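A short write-up of the structure that comes next.
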Amino acid sequence: TPRKLGVPGDDLQHVAYTLADPDAFQNKDILIVGAGDAAIENALALVDKNRVSLLNRGNDFPLAKDANAAQMLKAIDAGKVRCYYSSSMVKVEAGQSVISTPEGELSIKCDHIIARIGAIMPRKFLESAGIKFPSADMSATPVVNHRYESNVPGLFILGALIGYPLIKQAMNQG
């Protein structure tokens, strides 16, 4: 389940949590929320035909592949993407968003918002299958061995369910 923005207006029609077809957007003001690979790839796919801004709650791109981070920094340096670092969403309204930046609140024009801020793990489902977690912390990932097998024999945990380190390792290993 995609993680929602969690601010007033996050259910408006122009807010999306995926990008199906970049070519469906032309000459639009688009705000991408997130700083991982999905957010970067969406921004780069839209930048040639639109005005793209990226909302990054941090100061860099630690969860992105090195190549994606480099491409994003190049697009930012070239003025193709406007990046709001150390910023967060305050609210979404028709045609604009209010964001909190280090300089204060700012209202920015946006025809479309794409939030690529992760997903909510189906923890109750996993626990109903007998899978153990190391703690009650909702951000905890399932307990696995060196082969990514869970405590349930023959049940392996892969992809987004085990978290970022395995995904990055799998992508880097091919």
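The values are calculated or read from the model by the stated rules, or taken from the named source; none is laboratory data. Every value quoted in this text rests on a predicted model; they were computed, and no experiment measured them. Using ideal geometry, Cβ is built from the backbone for each residue, glycine included, and neighbour counts are taken over all protein chains shown. Accessible surface areas use protein heavy atoms only, side chains included; no ligands, DNA or RNA. Shrake-Rupley method; radii C 1.70, N 1.55, O 1.52, S 1.80 Å.
Laid out as a table, the results:
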item: Extended-chain gain in nm, criterion 0.36 nm per residue less alpha-carbon gap, ALA136 and GLU93; result: 11.9 nm
item: Helix-only [θ]222 nm of the chain, DSSP H runs n ≥ 4, -39500 (n - 2.57) each, per residue, nearest 500; result: -6500 deg cm²/dmol
item: Pair ASN151, LEU12: separation of 7 Å Cα→Cβ label points (nm); result: 4.5
item: Highest-MSF residue in the chain out of LEU126, LEU55, LEU46 [GNM, Cα springs under 10 Å]; result: LEU126
item: Principal-axis tilt of helix 66-77 within the chain, Cα atoms, nearest 10 degrees; result: 10
item: The chain: antiparallel DSSP beta bridges as a percent of all, rounded to 5; result: 45
item: Lys/Arg +1, Asp/Glu -1 at C-beta; the chain dipole; positive extreme among ILE120, TYR17, TYR84; result: ILE120
item: Stretchable slack from ILE120 to THR1, in nm (0.36 nm times residue separation minus alpha-carbon distance); result: 42.3 nm
item: Residue-normalised accessible area of the chain, given per residue in Å² at a 1.4 Å probe; result: 58
item: With Cα atoms, 0 to 90° folded angle of helix 164-173 axis to the chain main axis; result: 90
item: Degrees separating the helix 37-46 axis from the principal Cα axis of the chain, which is the longest one; result: 30
item: Positive-pole candidate from SER100, LEU73, PRO62, dipole of the chain, charges at beta carbon; result: PRO62
item: Under 23 Å, Cα to Cα: Lys pairs in the stretch 1-154, sequence gap 8 or more or different chains; result: 17
item: Matching label, Cα extents along the principal axes in Å computed from the structure shown, candidates (i) 52, 35, 33; (ii) 44, 43, 27; (iii) 108, 23, 21; result: (i)
item: Carbon/sulfur fraction of accessible area - the chain, other protein chains in place, 1.4 Å, %; result: 53
